[in-house]
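Report on the following structure.
The values are calculated or read from the model by the stated rules, or taken from the named source; none is laboratory data. This is a predicted model, so every value here is computed, not measured. So basically every Cβ, Gly included, is an ideal-geometry build from the backbone, and we count neighbours across all protein chains shown.
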Amino acid sequence: MRILAIDTSCDESCVAIFNTDTWKLEADEVHSHIASIQEYGGIVPELVSREHLVFLPQVLQKALSSAGITIQEIDHIAVTNRPGLIGALLVGLNFGKGLAWANEISFSVEDHIEGHLLSPLLIGPTSPQPPPFPWIALIVSGGHTELFYLENALNKKWLGGTLDDAAGEAFDKIGKILGLGYPAGPVIDKLARTVPEDALATFRFPVAQVAPYRFSYSGLKTAVNLKVQSLGLIDDKTRAVLAACAQSAILTQLVREVRRALAAFPRAHAVVTGGVACNSKLRQLLPEAFFPQPKHCTDNAAMIAMAAAVKHREGKLQAAPWNASASARTDWDLLHLEAETAAPLGVIR
Ligand code: KG4
Ligand code: ZN
């Protein structure tokens, strides 16, 4: 079966084609909207929705021609319908539905977070193999910071996540405070590499410790903001040290909670996915973890094709009804709400 997958959950228009007979990706196209939103210093939801309208048909054509096939050779369309920016999701979902309807192809809806979680399964001919299940999977992106236990590709348990901002958002907002542009994660990563290890003690930013498998970044953002205000004019060297110290505070939480989960689930192997999984220091700090190749850590449709392909292999791929809708939230977000109302959270140290 040939699956055509579409993801428009945020600011990238993505289309991929996956062949379940050969278990190979035949196309993997991503068009980023960064050039159009950079001047605003972050994502403008209405703007990215309009960008998807313009670029998605072009990205589809690119994917079909790079696979060397026509739409008639597609057997199934899988579209991300949750979670994400609602306008952006609606564009991709309705585009996918229209394509499926017009060409009499079955279609299903997929969860963007499930896609990220299964992205370690996207391996090229020369890339290393992911570890066997069970996995402790950390997803760290601009929208999510969540920790899961995966018994296998279809069976997962949410362990916990962030109480406020995602790690990627912390990178981007701290970058904004430091005047580093958007998205700031890769810039901070690069700047931090110029800072010697002993300079990481220069600014002691808070590392929230709320409860097991919980993360929190809003206090860190405030701390960096206050420090920058108190310093006044900062030179490039100080800016780099501030960025490296903030990065260190972000990563310390991530590493600590992954290791906590590995100790609690000794049979499991760690995998880390999502845009922040591109971070070179995180890769260095967690040598025991498997990281997908960077192009499959950031948003892509190959991971959505994989989510559908894995279900198809197990006979569990369900066609979605034509009135299927999009949702800004997903099951994992609801688990957050349940957990937070059920248990006192303790003190931030
Ligand atoms: O997974 P992704 O492409 O989109 C979402 O689903 O959110 O993640 C984007 C996030 C941004 O916040 C970006 O700053 C961050 O990933 N990011 C990084 C790096 N590359 C991308 N953060 C830290 N270091 C990097 N090298
Ligand atoms: Zn994502």
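Quick rundown of the values:
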read-out	value
Single condition Ile136 does not satisfy, out of (1) more than 20 Å from Arg256 (Cα to Cα); (2) in a strand (DSSP E or B)	(1)
The listed residue being in contact with an Asp or Glu (Cβ under 6 Å, 6 or more places away or on another chain), within 30 Å of Leu286 (Cβ to Cβ) and at pLDDT 95 or above, out of Pro134, Pro130	Pro134
Selection within the range 26-78 - assigned to a loop (DSSP other than H, G, I, E, B) and more than 27 Å from Ala324 (Cα to Cα)	Gly41, Gly42, Gly68, Ile69
Wholly enclosed helices (runs of 4 or more DSSP H) of the range 232-349 bearing at least 3 residues at pLDDT below 95	331-342
Test: Leu226 is surrounded by fewer than 17 Cβ atoms within 10 Å (Cβ to Cβ), out of contact with any strand residue (DSSP E or B) (no Cβ under 8 Å at 6 or more places or on another chain) and assigned to a loop (DSSP other than H, G, I, E, B)	no
Number of the exception - Ile86 against (1) free of Cβ contacts under 8 Å to residues at least 60 places away in the same chain; (2) among the aliphatic types (A, V, I, L, M); (3) more than 14 Å from ligand 2 (Cβ to nearest atom)	(1)
Residue tally, condition under 21 Å from Ile113 (Cα atoms), out of contact with any strand residue (DSSP E or B) (no Cβ under 6 Å at 6 or more places or on another chain) and either without any contact (Cβ under 8 Å) to a residue 12 or more places away in the chain or of a type outside the set (S, T, N, Q) (or both), over the range 1-22	2
